[in-house]
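The structure appears right after this line, and notes come after that.
Values quoted throughout were computed directly from the atomic coordinates according to the rules given, and no laboratory measurement underlies them. Treat the numbers as computed from the prediction; the structure is a model and nothing was measured. Neighbour counts run over all protein chains shown; Cβ positions are idealised from the backbone, glycine included.
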Amino acid sequence: MKKAITLIICSVLAVSTLFTSCNSGGNDSNNPAAQTDQQAPLAGQSGVQDDASQKDIVKVAIGSPDHTTLVAALKAAGYVDVLSNAGPFTVFAPTNAAFDKLPAGTVDGLLNPEKKADLRNILEYHVYVGKLDQSFFKDGQLLGMVNGGKVTLSVKEGKVSVNGANIVASVPCSNGIIHIIDAVLLPPDKK
């Protein structure tokens, strides 16, 4: 029995040493394969391929021809992986037409790297942590958004709006829900 346990322990140590040796090859400057592995970018949660499960918020947005501007903004802000995580999130997602209502040049300006903080602030004003479907919403209700600001919900005759932007559809996702809105929510200036 002792010989069997000793043999198992030696086998485990040998396999462990083999994996450690293989994985430490990245430190070998003469090994081009190891150098390539170190330089290759790692995909985050958004890089997970799963065609069988319900799509997450980002995959739903990417699949929508009406949300290409929002997807471009998420990419520019570095939020694709964040909104691909487990959540749950409630996202108020403006359509391309909603972004088109902004003054000319606004979207292009926000997509510039030097405006990343402003873009993130606006995008965070569209996200609530938690999954809230429309049945939860009450007239006059305030929601605290990710950027620290608050939005006001209006419920009139079965129609819901958030800060005056109408919810035109809702799409459940694996990590929350998307409420598609017809206007961009602009956070109030911080004082």
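Averaging 1/r over every pair of different alpha carbons in segment 81-161 and inverting the result gives a Kirkwood radius of 14.3 Å. Applying 0.36 nm per residue to the separation of D81 and V129 and subtracting their alpha-carbon distance, the gain on full extension is 15.8 nm.
Taking 0.36 nm per residue of sequence separation and removing the Cα-Cα distance, the T152/K101 pair yields an extension gain of 16.3 nm.
To check you understand DSSP bridge types, tell me what percent of the beta bridges within segment 56-181 (both residues inside) are antiparallel, rounded to 5.
Around 75 percent antiparallel, to the nearest 5.
Peptide packing: for 72-78, 115-121, the average count of neighbouring Cβ atoms within 10 Å per residue gives the ranking 72-78, 115-121, highest mean first.
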